[in-house]
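To keep things clear, I will list the structure first and then write my remarks on it.
The values are calculated or read from the model by the stated rules, or taken from the named source; none is laboratory data. Only a predicted model underlies this, so the values are computations on that prediction, with no experimental measurement involved. Ideal geometry is used to build each Cβ from the backbone, glycine not excepted, and the neighbour counts take in all protein chains shown. Just the protein is used for accessible areas: all its heavy atoms, side chains included, with ligands, DNA and RNA removed. Shrake-Rupley method; radii C 1.70, N 1.55, O 1.52, S 1.80 Å.
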Amino acid sequence: MTTQVTEAVSLKRDYYHLIINGEKVESSNGKTIKTYNPATGELVAEVAKASQEDAERAVLAAREAFDHGKWRKYPINRRSQVLNKIAAIMRSRFNELVELEILDTGKSLAAAQGQVSQAIEDFEFYAGAIVGHRGVVNNMPGQFHNFTEKEPVGVCAQIIPWNYPLMMAAWKIAPAIAVGCSVIVKPASLTPLTAIILGEICLEAGVPAGVVNIVPGSGSEVGNYLVEHPKVNKVAFTGSTPIGKDIMAKASETLKRVTLELGGKSPNLVFEDADIDAAVDGSLFGIFYNSGQSCEARSRLYVHEDIYDEFITKFVEKTKKLVLANPFDKGTHMGAIIDQAQLEVIDGFVKSAIEEGAEILAGGKPAVVEGYEGGFWYEPTVIANVNHDMTVVKEEIFGPVVVVMKFKDEKEAIKLANDTEFGLGSAVWSKDGARATRVAKQIEAGIVMVNCPFSAFPGTPFGGYKQSGFGRELCIETLDLYTETKSIVSYFGSRPINPLGV
Ligand code: NAD
């Protein structure tokens, strides 16, 4: 759904509260977070900043809701109805959610519209999926019977990043509450607004108090506190690989269930038999969508040597035509970078590449956008003359920067694609279906896009191999990751069982 954005922003306020135990509350110590519009650098709002005391309140509320509340006991169709209602309220406030997301992130209108649409569809998807989520009956010998039940895992801490604030909140909340869990969501401090609004919408739709709690705050304080808390059963984390490793280690103390959606350095392979124009357009989207601040950004572009010159000429020409402007304008292709610190990280990577002898084919520095001089912008950047020893090829940049390289055959393409510690996204461009499938099967990544730049649809598993994490989101399998399987073995024979013969 792509509805025209209106000017009214009734979800836009000067101040946002925490959501704990069904109420909008202040933080215990009165501290706040200021959020800024990355496109302009201007203040958007102040937000109550959760302390560890607030996190404790949220855990106790979630625990109480799970242990003694009614949500998990509701018939499945009733939970399903509530999820559909959440989606309906979100849809009715589509324009406002889009506008708030743009103000909080500086992303382009098209990107925000797509992500808000998908967040809505996630709730609709899980409203349907939960109805078919069930245990099984297993064959047992003799007069025994076994069936399994899927029970909600309990209280879940859900820690999310700043690049897709509402969508990530939806990916986390929808499957967890669908199966009957209670959640404590910790949004990134840079972008807490739409997650807070989603928490409010959950309450409006009839989710009982304590089932959905939203506590924006510091990762090292509040996030860490939730990860270590003995009353939390599961941590679902989306963010960078180093923090993911830290979370996994700390969660092991209490043997929490953990799912990790982490970083990437995804390869994009263009074969000599590809539709070159389609591959150019898809590859542009693959890296520059969301200003390159995407976990699945296809940031390593490999092109067959026979078409390399033609492809790169077209790719660079189009890169230079990308419009960086008012994020609310329909014609804007790329929005802002999340903040000054991230801008400097991106620029540091580019400078290191130049020092190591790389060649900049487009961009290569912070962008000056007329009327938006106070914001954080980076030119869409294409870097050639690189090799696999360079930092810019090995590490996730999380910005609009792509490295381009040649390959000579299928075998080399696969070797280069897999020469990374990450394994999230990947893409293959070829008109030969057999080749595309053969290559797709050999790429070590959770997602392979074939002749297509899109990967995230409700129902399609999303997640990583290797150091891009584990667990899959956005799909039926996710429901299993928010449940425990209980195996019930019963005996229906008429003779008493006396195995010890006493
Ligand atoms: P980040 O790891 O810095 O932070 C993510 C979240 O973790 C934030 O809410 C942060 O406050 C919290 N956090 C930080 N330190 C913590 C700690 N010690 N304990 C608990 N929580 C802590 O990531 P970011 O910069 O916000 O987001 C960018 C990263 O997210 C990139 O690496 C990107 O690839 C990744 N990402 C992955 C996916 C995916 O599906 N695989 C999707 C989006 C983003």
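Considering (1) among the polar types (S, T, N, Q); (2) in contact (Cβ under 8 Å) with a residue 24 or more places away in the chain; (3) within 29 Å of G292 (Cβ to Cβ), say which one S220 fails and leave the rest.
(2)
Would you confirm whether any residue within region 182-193 is buried (at least 24 other Cβ atoms within 10 Å of the Cβ), among the polar types (S, T, N, Q) and within 14 Å of the ligand (Cβ to nearest atom)?
yes
Which residue is least open to solvent (accessible area, probe 1.4 Å), if the candidates are limited to region 310-337 and must be charged (D, E, K, R) and under 18 Å from A278 (Cβ atoms)? Steps first, please.
Within region 310-337, the first condition is being charged (D, E, K, R), and the residues that meet it are 310, 314, 317-318, 320-321, 329-330.
Filter once more, so that each one left must be under 18 Å from A278 (Cβ atoms): 310, 314, 317-318, 321.
Details: E310: 92, K314: 64, E317: 102, K318: 84, K321: 144 Å².
That would be K314.
Here are N139, N146: which of them is within 16 Å of T485 (Cβ to Cβ) and either at pLDDT below 95 or surrounded by fewer than 16 Cβ atoms within 10 Å (Cβ to Cβ) (or both)?
Answer to the check: N146.
Which of the residues spanning region 65-87 are buried (at least 18 other Cβ atoms within 10 Å of the Cβ), out of contact with any strand residue (DSSP E or B) (no Cβ under 6 Å at 6 or more places or on another chain) and either at positive phi or of a type outside the set (G, A, S) (or both)? Give the steps one after another, and end with the answer.
So the first thing to find is which residues in region 65-87 are buried (at least 18 other Cβ atoms within 10 Å of the Cβ), and the list is 65-66, 69, 71-72, 79-80, 82-83, 85-87.
Now drop any that are not out of contact with any strand residue (DSSP E or B) (no Cβ under 6 Å at 6 or more places or on another chain), which leaves 69, 71, 79-80, 82-83, 85-87.
Answer for region 65-87, where residues must be buried (at least 18 other Cβ atoms within 10 Å of the Cβ), out of contact with any strand residue (DSSP E or B) (no Cβ under 6 Å at 6 or more places or on another chain) and either at positive phi or of a type outside the set (G, A, S) (or both): W71, R79, V82, L83, K85, I86.
Here is a list: E344, E373. Which entry is part of a helix (DSSP H, G or I), open to solvent by 60 Å² or more (accessible area, probe 1.4 Å) and either modelled with pLDDT of 95 or more or more than 26 Å from F422 (Cα to Cα) (or both)? Lay out the reasoning, then the answer.
Details: E373 fails: part of a helix (DSSP H, G or I).
E344 is the lone residue from the list that is part of a helix (DSSP H, G or I), open to solvent by 60 Å² or more (accessible area, probe 1.4 Å) and either modelled with pLDDT of 95 or more or more than 26 Å from F422 (Cα to Cα) (or both).
Within region 274-282, is there a residue that is touching a Phe, Trp or Tyr at 6+ places or on another chain (Cβ under 9 Å), farther than 29 Å from Q52 by Cα, open to solvent by 20 Å² or more (accessible area, probe 1.4 Å) and in a loop (DSSP other than H, G, I, E, B)? Reasoning before the result, please.
At the first step, the residues of region 274-282 found to be touching a Phe, Trp or Tyr at 6+ places or on another chain (Cβ under 9 Å) are 274-276, 278-280, 282.
Checking which are farther than 29 Å from Q52 by Cα leaves us with 274-276, 278-280, 282.
Those left that are additionally open to solvent by 20 Å² or more (accessible area, probe 1.4 Å): 275-276, 278.
Now narrow it down to the ones that are in a loop (DSSP other than H, G, I, E, B): 275.
Yes, region 274-282 contains at least one residue that is touching a Phe, Trp or Tyr at 6+ places or on another chain (Cβ under 9 Å), farther than 29 Å from Q52 by Cα, open to solvent by 20 Å² or more (accessible area, probe 1.4 Å) and in a loop (DSSP other than H, G, I, E, B).
Tell me which residues, restricted to region 448-482, are more than 11 Å from the ligand (Cβ to nearest atom), among the aromatic types (F, W, Y) and open to solvent by less than 50 Å² (accessible area, probe 1.4 Å).
Y482
Just one of L166, L109 is away from the ligand (no atom under 16 Å from the Cβ) and either over 14 Å from V179 (Cβ atoms) or over 14 Å from the mean Cα position of the chain (by Cα) (or both); which is it? Give the derivation first.
Values: L166 fails: away from the ligand (no atom under 16 Å from the Cβ).
Exactly one residue qualifies, and that residue is L109.
Working only within region 313-341, note down all residues that are of a type in the set (A, V, I, L, M, F, W, C), part of a helix (DSSP H, G or I) and either within 16 Å of the ligand (Cβ to nearest atom) or modelled with pLDDT under 95 (or both). Before you say what the answer is, go through the steps one by one.
Here is the first cut: in region 313-341, the residues of a type in the set (A, V, I, L, M, F, W, C) are 315-316, 322-325, 328, 334, 336-338, 341.
Add one more test, that the residue is part of a helix (DSSP H, G or I), and what stays is 315-316, 341.
Correct list: A341 only.
Could you tell me whether any residue of region 143-160 is within 16 Å of the ligand (Cβ to nearest atom), out of contact with any Lys or Arg (no Cβ under 8 Å at 6 or more places or on another chain) and in contact (Cβ under 8 Å) with a residue 12 or more places away in the chain?
no
When you scan region 209-216, do you find a residue that is open to solvent by 10 Å² or more (accessible area, probe 1.4 Å) and in a helix (DSSP H, G or I), even just one?
Start the filter on region 209-216 by keeping residues that are open to solvent by 10 Å² or more (accessible area, probe 1.4 Å), which leaves 209.
The next check asks that each one be in a helix (DSSP H, G or I); those that pass are none.
Checked against the condition, which is being open to solvent by 10 Å² or more (accessible area, probe 1.4 Å) and in a helix (DSSP H, G or I), region 209-216 yields no hits at all.
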